[in-house]
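Notes follow the structure.
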Amino acid sequence: MVVSVRSLGLNGISGYEVSAECFLSGGLPAFDVVGLPDTAVREARERVRAAVKNCGAKFPVSRITVNLAPAGQKKAGTFYDLPIFVGILAAAGELPPPPPDAAFLGELSLTGAVRGVHGVLPMALRARESGIRQLFVPAENAAEATLAGGLTVYGVADVRSLAAHLRGQAPLSPAPVWEPPGDEDALPDLRDVMGQENVKRALEIAAAGGHNLLMIGSPGAGKSMLAKRLPSILPDLSRAEALATSAIWSVAGMMDPRRPLLVRRPFRAPHHTTSAPALAGGGPNLRPGEISLAHNGVLFLDELPEFRRDVLEALRQPLEDGEVTVARVGGTLRLPARFQLVCAMNPCRCGWRGHPDRRCTCTDREVAKYVEKISGPLLDRIDLHVTVPSVEYEAMRRRETPEPSAAVKARAEAARALQARRFAGTDITCNARMSPAMVGAFCRLDTAGEKLLKAAFERLGLTARSHDRVLRVARTIADLEGEADIGAAHLAEAIQYRNTDILKG
């Protein structure tokens with residue numbers, strides 16, 4: 001007898017449907033799993049055998065063949081323990097055949113307990129699209145699976161309770177749809193930063209338009225402190241953005257089962273010793289890297305010149321396309337990577353180039369060598385270049401409280417609302433993502449603006465890319481002021497953020 005049980009698998013960060021076909025036949029007892037299983041899937045034989053015996057059922061003494069279809073797709077992970085368990089017992093007559101609109105996934109312990117697995121959210125989203133209406137998952141993952149919507153999710157604690165449910169003896173209760181509790185910890189606030197008004201202005205522009213930012217300054221000037229406060233002024237995640245980002249974190253095994261949905265934009269800050277595969281993604285199982293974990297959020301690279309050159313160059317394509325393509329021997333994977341890049345660096349290796357007390361001992365050649373890892377094409381993709389001066393004593397001791405993040409966030413959200421109306425009907429969500437055609441349509445200049453931009457183009461040696469990025473920043477500055485047209489003042493402020501001479505000290 002052949003029993004087919006619906007299940008799901010993962011290909012990168014996307015779910016796909018898998019059918020566990022279980023066949024019991026005569027002959028010498030054996031247990032084979034086919035369909036390109038990896039080691040973890042093959043080891044399901046021993047976990048399933050022990051779970052069947054420890055739940056009081058009789059393991060069939062026959063030749064057992066389990067085919068995981070589609071057979072040409074490599075199967076990895078421990079998701080298939082539960083559907084194999086159900087299929088074998090159904091084929092042996094111990095359980096009734098499962099409903100045709102039901103799917104099962106989960107890892108089994110030897111005692112019959114059902115353990116949590118990674119990547120349940122993208123698999124649940126795929127289940128909904130495939131017409132599955134009942135989804136049986138580990139109890140630990142039930143809250144995450146409910147986020148997909150359109151499914152009746154059953155959290156299974158052990159195989160005894162699952163068997164009783166399928167026999168109609170003790171039905172399981174559907175898991176309630178998970179809702180954010182609303183008790184998130186407060187984010188670091190801009191009110192903690194004394195002085196640095198010019199950098200706060202750049203952060204506000206970056207938040208309002210989704211622009212990339214580079215901060216250059218001496219040690220202790222507050223670069224890292226300012227970068228960590230950018231999430232506090234970014235607009236909240238939409239439901240679609242939250243689901244997309246949470247799916248990536250779920251596959252990476254980084255979600256808290258008690259909080260399966262990200263309600264804040266992620267902030268990733270990898271160390272400068274990070275490798276290119278760790279940043280871009282890859283590895284034996286083609287896992288998402290740091291730039292995908294920062295999807296819809298912020299990727300912060302502190303001490304930028306200390307990163308290896310190949311690591312920095314891996315950012316170029318994702319910054320332009322909003323996704324990264326990882327090609328390995330095991331396959332090719334496309335991962336979303338639409339993030340804001342925020343970088344911080346010292347002006348030289350000792351860090352004191354340009355400091356008022358003139359303590360820098362670096363030669364011009366040493367400064368050039370220090371910054372040469374930052375290529376022109378990468379720098380061209382960063383919209384805002386801002387100097388972070390050393391904070392004066394008077395600024396540190398002043399008594400008035402700086403403007404809080406809530407006030408800045410309100411202005412950024414108002415600017416984003418204008419952009420949402422401007423780009424309605426498209427997949428563009430902010431000015432930084434405008435296409436060249438949109439730049440031409442929404443960033444028109446008057447005669448004074450044209451003269452100013454032409455002079456800057458020739459004097460600064462702007463490229464076609466940086467030309468468009470200046471206009472995008474100017475569009476954001478105008479949005480912050482609620483202006484329909486880009487004025488000369490907006491354009492002049494945008495141009496000052498393209499000063500690459502700050503890399504020369």
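The values are calculated or read from the model by the stated rules, or taken from the named source; none is laboratory data. Computed from a prediction, not measured in an experiment: that's the story for all the values here. Cβ sites come from the backbone with ideal geometry, for glycine too, and all protein chains shown count toward neighbours. All accessible areas refer to the heavy atoms of the entire protein, side chains included, with ligands and DNA or RNA removed. Shrake-Rupley method; radii C 1.70, N 1.55, O 1.52, S 1.80 Å.
Annotations
- Condition check for Thr463: of a type in the set (Ser, Thr, Tyr) and surrounded by fewer than 16 Cβ atoms within 10 Å (Cβ to Cβ): yes
Residue-wise test of (1) acidic (Asp, Glu); (2) in contact with a Cys (Cβ under 7 Å, 6 or more places away or on another chain); (3) surrounded by 20 or more Cβ atoms within 10 Å (Cβ to Cβ).
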position	(1), (2), (3)
Gly210	no, yes, yes
Asp236	yes, no, no
His271	no, no, no
Ala280	no, no, yes
His295	no, no, yes
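- Those residues of the range 96-132 which are of a type in the set (A, V, I, L, M, F, W, C) and either under 13 Å from Ala51 (Cβ atoms) or part of a strand (DSSP E or B) (or both), in sequence order: Ala102, Ala103, Phe104, Leu108, Leu110, Ala113, Val114
- Identity of the residue in the range 185-203, open to solvent by 30 Å² or more (accessible area, probe 1.4 Å) and either outside any loop (DSSP other than H, G, I, E, B) or over 22 Å from Arg411 (Cα atoms) (or both), that ends up modelled with the highest pLDDT: Arg201
- Within the range 364-377, the presence of at least one residue that is touching a helix residue (DSSP H, G or I) at 6+ places or on another chain (Cβ under 6 Å) and in a loop (DSSP other than H, G, I, E, B) is confirmed.
- Filtering the range 446-505 to residues that are of a type in the set (Asp, Glu) and touching a helix residue (DSSP H, G or I) at 6+ places or on another chain (Cβ under 8 Å) leaves Asp446, Asp468, Asp479, Glu481, Glu483, Asp485, Glu493.
- Condition met for Arg42 (among the basic types (Lys, Arg) and under 22 Å from Arg160 (Cβ atoms)): no
- The range 204-242, residues that are more than 22 Å from Ile428 (Cβ to Cβ) and not in a loop (DSSP other than H, G, I, E, B): Leu214, Met215, Ile216, Gly217, Lys223, Ser224, Met225, Leu226, Ala227, Ser232
- Among the residues listed as Ala415, Ala420, Ala410, the single one being closer than 18 Å to Ile205 by Cα, modelled with pLDDT of 90 or more, of a type in the set (A, V, I, L, M) and in contact with a Leu (Cβ under 6 Å, 6 or more places away or on another chain): Ala415
- Test for Leu445: is it within 35 Å of the chain's Cα centre (by Cα) and either aliphatic (A, V, I, L, M) or open to solvent by less than 30 Å² (accessible area, probe 1.4 Å) (or both): no
- Residue among Ala437, Ala414 that alone is of a type outside the set (Val, Ile, Thr), closer than 26 Å to Leu378 by Cβ and open to solvent by 40 Å² or more (accessible area, probe 1.4 Å): Ala437
- Summed over the range 47-58, residues that are in contact with a strand residue (DSSP E or B) (Cβ under 9 Å, 6 or more places away or on another chain) and either assigned to a loop (DSSP other than H, G, I, E, B) or open to solvent by 30 Å² or more (accessible area, probe 1.4 Å) (or both) total 3.
- Residues (crowded, with 19+ Cβ neighbours inside 10 Å and over 24 Å from the mean Cα position of the chain (by Cα)) located in the range 402-411: Val408
- Flag if Arg133 is touching a Ser or Thr at 6+ places or on another chain (Cβ under 9 Å), in contact (Cβ under 8 Å) with a residue 24 or more places away in the chain, surrounded by fewer than 19 Cβ atoms within 10 Å (Cβ to Cβ) and more than 14 Å from Ile84 (Cα to Cα): yes
- The number of residues in the range 345-363 being touching a residue at least 12 places away in the same chain (Cβ under 8 Å) and either among the basic types (Lys, Arg) or outside any loop (DSSP other than H, G, I, E, B) (or both) comes to 3.
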